[in-house]
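K.L.:
Structure in structure tokens, see below.
The values are calculated or read from the model by the stated rules, or taken from the named source; none is laboratory data. In this text the structure is predicted, and so the values were computed from the model without any measurement. So basically every Cβ, Gly included, is an ideal-geometry build from the backbone, and we count neighbours across all protein chains shown.
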Amino acid sequence: MKMQTEKCDFGMIGLGTMGRNLVYNMCDHGYKIAGFDKDAAKVDSLGNEADGRKVSAAHTLEDFIRSLKTPKVIMLLVPAGKAVDSVIDELKPYLLKDDLLIDCGNSHFTDTDRRIATLAKDDMQFMGVGISGGESGARNGPSIMPGGNEKAYELVKPLFEAIAAKVNGAPCVTWLGPGSAGHYVKMVHNGIEYALMQLLAEAYHMLKECLQLNNDQLHKIFSYWNEGRLKSYLVEISASVFLQEDDLTGKRLLDMILDSSKQNGTGQWTSQNAMELHVPVPNIDIACSMRDISGFKKQRVDSEFILNWHKVDFREKDGELIDWVENAVYFSMIISYAQGMALLNGASEKYGYGLKPESIAGIWRGGCIIRAALLDDILKAYSQDASLVNLMLSKDIAMKLQNCQDSMRLAVKTGIETGIPLPVMMSSLSYFDSFRRGWLPANLIQAQRDYFGAHTYERTDRAGSFHTQWKQENSL
């Protein structure tokens, strides 16, 4: 009698580095996983590297589908955009009512909403799930950000809780909200990531040029920072980067890498949507712009001579600049998270996500790229007052900003005097100064708009909209 083959618990389509590592992670927690990719070499690699794990490496979509339990739960880890729609179209003939597709890539949240609505017409479930942590996180425990139908989430909750990173025993995953909530939170996560990466680059720039520090010295400073309040994944890996040797030249690899950075779109999406919602995230905006500016390498080299100015050398006193920069980084980290959380608050109201900021802070503490000791304080702030419209309004967080404020201003002043660009630090300080002002000069902007375009204005002494026939001066 022919024995029946044991069916697989879940399926994974897309066996690149992230997909393959997630498969191994799931297998290590006792699940049998089916894997499929159009690239036969990746399928073979999955099978060859399985090493006794419960893996079914399928070379055809039909074999992949046949290997799955019912209802079928299939994860997709393919490039965002048309590739996701293409895979969905190929799968649809094989799907039945209550089958669940899960997009684990970095899809735009509006695409996720569209796919949920389209598949719902055929009684099929679709979830958008953000996953952060890179290939190491995928293998050893990522931060997982699921959104969609809460009942559908119950099908994968045990799996996600098993494979997610753990902080104090708690898994870094929770259902975030309906629709595209998961992909939206992941998008904002990546926007904050852009701001923090640019921020650390600015700290590196300042210390390298003002103090003429070498890579070993920079490694020691970043390593020391990572032992205290700046402890975070990005500070940790930055410290490691300074020591990495180049296999080709024997020099430090960082010094051989071109100073021109790229972006994959998620930071840009965050800025664009923030503008649509009228929630300012200037740290993320300028971080995206700085990546674009870095791409103008030839123009920047030419401009060194054309736009040159009398440089002022910084004179160090008892290590003060290192302290200033550390405080400036901490201050700007808080502001970057505050802007991201404010955007999540605005999106939750606009799109009906019902996001819980304390839950988001909780699952970001482990596994993800922006994990940091600071998130414990952010979690505490929202646990004490979930209605905070801005993180800076927490008394504890406000005190941290106040304690860094003098150093922050001295660091920015030093950047201005020495001609070192500090866009995220300057943006953080401007955001802070704007937010704490009871009066801003926007009344002049209202007057200007009414003057040239009859856009009307509001008054301080009565309700309503008003228009004035302004006294016209002679125009040039």
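K.L.:
Output the number of residues of the range 309-329 satisfying the condition of being surrounded by fewer than 21 Cβ atoms within 10 Å (Cβ to Cβ) and either among the aromatic types (Phe, Trp, Tyr) or outside the structural domain of Gln212 (by TED's automatic domain parsing) (or both).
P.N.:
2
K.L.:
Only one of (1) in a loop (DSSP other than H, G, I, E, B); (2) of a type outside the set (S, T, N, Q); (3) without any contact (Cβ under 8 Å) to a residue 60 or more places away in the chain; (4) closer than 25 Å to Met333 by Cβ fails for Asp292. Which number is that?
P.N.:
Here Asp292 meets the rest and fails (1).
K.L.:
Given the structure, is Gln472 in a loop (DSSP other than H, G, I, E, B) and either out of contact with any Ser or Thr (no Cβ under 7 Å at 6 or more places or on another chain) or at pLDDT below 95 (or both)? Spell out the reasoning first.
P.N.:
Values: in a loop (DSSP other than H, G, I, E, B): yes; either out of contact with any Ser or Thr (no Cβ under 7 Å at 6 or more places or on another chain) or at pLDDT below 95 (or both): yes.
Against the criterion (in a loop (DSSP other than H, G, I, E, B) and either out of contact with any Ser or Thr (no Cβ under 7 Å at 6 or more places or on another chain) or at pLDDT below 95 (or both)), Gln472 qualifies.
K.L.:
Right, something else. For residues that are of a type outside the set (A, V, I, L, M) and either touching a residue at least 60 places away in the same chain (Cβ under 8 Å) or surrounded by 24 or more Cβ atoms within 10 Å (Cβ to Cβ) (or both), tally how many sit in the range 153-170. Outline the logic, then answer.
P.N.:
Start the filter on the range 153-170 by keeping residues that are of a type outside the set (A, V, I, L, M), which leaves 153-154, 157-158, 160-161, 166, 168-169.
This time we only want the ones that are either touching a residue at least 60 places away in the same chain (Cβ under 8 Å) or surrounded by 24 or more Cβ atoms within 10 Å (Cβ to Cβ) (or both), so: 166.
Total meeting the criteria: 1.
K.L.:
Still on this structure: I'm trying to understand the selection: among the residues of the range 222-256, which are closer than 17 Å to Gln198 by Cα and charged (D, E, K, R)?
P.N.:
Listed by number, the residues that qualify are Lys231, Glu236.
K.L.:
Counting just the residues of the range 358-375 that are of a type outside the set (Val, Ile, Thr), over 9 Å from Ser232 (Cβ atoms) and out of contact with any helix residue (DSSP H, G or I) (no Cβ under 6 Å at 6 or more places or on another chain), which one comes out surrounded by the fewest Cβ atoms within 10 Å (Cβ to Cβ)?
P.N.:
Ser359
K.L.:
Now, a different point. Given the criteria farther than 17 Å from Cys172 by Cα and of a type outside the set (Phe, Trp, Tyr), does Val87 qualify?
P.N.:
Yes.
K.L.:
Restricting attention to the range 262-290, which residues are surrounded by 17 or more Cβ atoms within 10 Å (Cβ to Cβ) and at pLDDT below 95?
P.N.:
Answer for the range 262-290, where residues must be surrounded by 17 or more Cβ atoms within 10 Å (Cβ to Cβ) and at pLDDT below 95: Thr266, Gly267, Gln268.
K.L.:
If you check Val156, Val185, Val173, Val167, which single one turns out to be modelled with pLDDT of 95 or more, in contact with an Asp or Glu (Cβ under 7 Å, 6 or more places away or on another chain) and among the aliphatic types (A, V, I, L, M)?
P.N.:
Values: Val156 fails: in contact with an Asp or Glu (Cβ under 7 Å, 6 or more places away or on another chain); Val185 fails: in contact with an Asp or Glu (Cβ under 7 Å, 6 or more places away or on another chain); Val167 fails: in contact with an Asp or Glu (Cβ under 7 Å, 6 or more places away or on another chain).
Only one candidate qualifies: Val173.
K.L.:
Only one residue in Leu46, Leu15 is touching a residue at least 12 places away in the same chain (Cβ under 8 Å), under 26 Å from Ala80 (Cβ atoms) and in a helix (DSSP H, G or I). Which one?
P.N.:
Numbers: Leu15 fails: in a helix (DSSP H, G or I).
That would be Leu46, the only listed residue that is touching a residue at least 12 places away in the same chain (Cβ under 8 Å), under 26 Å from Ala80 (Cβ atoms) and in a helix (DSSP H, G or I).
K.L.:
Another question, if that's okay. Go through (1) out of contact with any Phe, Trp or Tyr (no Cβ under 8 Å at 6 or more places or on another chain); (2) in a helix (DSSP H, G or I) and name the single condition Gly354 misses.
P.N.:
Evaluating Gly354 over (1) out of contact with any Phe, Trp or Tyr (no Cβ under 8 Å at 6 or more places or on another chain); (2) in a helix (DSSP H, G or I) leaves (2) as the failure.
K.L.:
Restricting the first residue to the range 208-237 and requiring it to be within 16 Å of Asn327 (Cβ to Cβ) and free of Cβ contacts under 8 Å to residues at least 60 places away in the same chain, which pairs with a second residue that is assigned to a loop (DSSP other than H, G, I, E, B) and among the hydroxyl-bearing types (Ser, Thr, Tyr) meet a Cβ separation below 7 Å and a spacing of at least six or different chains?
P.N.:
Here the result reads none, with nothing in the range 208-237 linked to a residue that is assigned to a loop (DSSP other than H, G, I, E, B) and among the hydroxyl-bearing types (Ser, Thr, Tyr).
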